[in-house]
Amino acid sequence: MPWRPSDDLAQAVALEVLLHGPLPRIELARRLDLAPATLTRISAELIDAGLLIEAPHLAERRNGRPSIPLDVVSDAHHFLGIKLSTDSVMAAVTDLRAEVVDYFELPLSSADPATVVQGIHAATEQAGSTYPIDAIGIGVGGVVTREGVVTSAPFLGWTDVPLAAMVQERTGIPAFAANDLAAFTEAQHWFGLGIGHDNFAAITLGVGVGFGCVANGRLLANDDSGVGLVGHWPLDPNGRTCVKGHRGCAEAMLTVPAIVRNASDAMGRPVDWGEFLTLVHEGEPEAVRIASDSGRALGRLIAAVANLVAPSLVIVGGEGVELADVAAEAVQRGIREDRDPRAAPVHVELTSGSNTSWCRGAAVIALQGYVLDRRRVGSRRG
C-alpha cells in the first residue's frame, strides 16, 4: 500500500500519527488545530486508503464513550537500512515505526563501488524474500549530498560515487544515501531518545567521534557535514596526539582505536576493546586511569556542546559508548569543570552502539525519503 495522502493536511495527519501515535481524533485535532469535522473527513480518507487504522483495543474508557485512537499499519511497509564496512554489508529490515524485524551481514570481497552495490543488491534480495522492501537507505561515514552522491568517504577510498542512483538502478527500489551520523541522529529524532525534544545533540564514539544536532525540530546540516570536524576539538592539553598531530583532541582521547592503543602501550601487550572494558571493571590501575582520562575528556566535550547549542538532551552512542558507562564519574567531573554552576544540569542519555543501531538509522533515511517529499527530508512537524 503506497504512502500517498491526498493533500498536505492529510499528510500532516498521517505524519502526526506515525511519529506520535496512536492518537485519538480529538487529540489530533488539537495538535494540528483542525476543526473536528475536518479531522473526521481526513481520517476517514486515510483509513479508506489503508494508511491509518482504528485501534479500539487501545481506547481509554473514562466517563462516556471511549475515544478510539488512530494508528498506522506499521507492518504494511518495510525498509532496508545498510551500514558499510570495507569487508561487509550490514543490513537491518525495519517496519514503518523503525522497529528492527531482521538483521544480517553479508561479506564483501572489496570496497570497490560496483562490488558494494552488488552486495547491497544481494542484501536486498535476501531481505525481500521475506519482506517487501519499499525503500533502501545507506549510511556512509563521509560526506554525502542530498542526492545521495558520496563525495568523500576516505575509509572506503571513494570520491564522487553516485551511490543512491547506482543502488536504485541495480535494485529497482527507491534508494537514499546519507552520512551515517546524520542518519543516526534522524533515527533518534523520529523514533528514539530525541522524541519530544526540539533541540538535542548526539555524540558517537567509535572509529571516529561524531556530532549531530537537531535545532528547532530540524537536523542541522551543511556541505561540511560528514567531514568529522568535531574529532579535532581540543579536550586535554596533556593528552596524546592524533594522526594529524593535534594534542589531546577528541580523536586522540575518545576513539576506540586510540583508547585501545593507549591501553596496549600501558599493558605492554595487545589489548582489544572488550578486554579493556573488563580490565576497567576489574580495577586494573592503568586501565582505570585511561578510562578516567578519556571519560573526563568526554565530559568536557559534552559540556562544550551544551554550552554552544543549549540542547535539552545529549545522546551518546556508537561502538565506544561503554566508555560513558565505565567512566561515568569522570564524565560528570569533566562536565562540571567546563559548565557554569548556575547553568541547568546537562541531561545525558546513552543508547546502543551496535551495528543494528547504525543500520536502523539508515532505514529511517529510507523511511523519510518514502513518506516525505524528497526536498523535506530532515524536517519534522513538532
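Only the coordinates and a few stated rules stand behind these numbers; no lab work does. Bear in mind that the values here come from a model prediction, so they are computed numbers and not experimental data. Note that we place each Cβ from the backbone using ideal geometry, even for glycine, and neighbour counts take in every protein chain shown.
Things to note:
- When DSSP beta bridges are restricted to pairs lying wholly in segment 181-317, around 65% turn out antiparallel.
- Each residue in HIS189, HIS197, HIS78 was given a count of other beta-carbon atoms within 10 angstrom of its own, and listing them fewest first yields HIS197, HIS78, HIS189.
- When only Cα pairs below 8 angstrom with a gap of at least 6 residues are kept, the chain shows a relative contact order of 16 percent.
- Dividing the Cα radius of gyration of the chain by 2.2 N^0.38 Å, with N the residue count, gives 1.06.
- In terms of its alpha-carbon gyration tensor, segment 222-279 comes out prolate; a/c meets the 1.5 threshold, and the first ratio a/b outweighs b/c.
- Helix 256-267 axis, angle to the chain major axis (alpha carbon atoms, nearest 10°): 30 degrees
- Beta bridges by DSSP in the chain, antiparallel share as percent, to the nearest 5: 65 percent
- The stretch between VAL100 and ILE68 holds 8.8 nm of extra length on full extension. This uses 0.36 nm per residue minus the Cα-Cα distance.
- Mean Cβ neighbour count within 10 Å, used as a protection proxy, ranking 80-87, 358-365, 29-36 highest first: 358-365, 80-87, 29-36
- The length gained on full extension between ALA122 and MET267, counted as 0.36 nm times the residue separation minus their Cα-Cα distance, comes to 47.9 nm.
- Full extension of the chain segment joining ARG336 with LYS244 gains 30.3 nm, where the gain is 0.36 nm per residue of separation less the Cα-Cα distance.
- Within segment 203-282, none of the chymotrypsin sites (Phe, Trp or Tyr not before Pro) combine a DSSP coil assignment with at most 13 other C-beta atoms in a 10 angstrom radius.
- The protection proxy used here, the mean number of other Cβ atoms lying within 10 Å of each residue, ranks peptides 259-269, 244-254, 144-154 as follows, highest first: 244-254, 144-154, 259-269.
- Shape of segment 195-350, Cα gyration tensor, a/c cut at 1.5: prolate
- Overall shape: oblate for segment 169-236, with the ratio a/c of the largest to smallest alpha carbon gyration tensor axis at 1.5 or above and b/c at least equal to a/b.
- R0 of 25 Å, Cβ-Cβ distance THR151-THR86: FRET efficiency to nearest 0.05: 0.85
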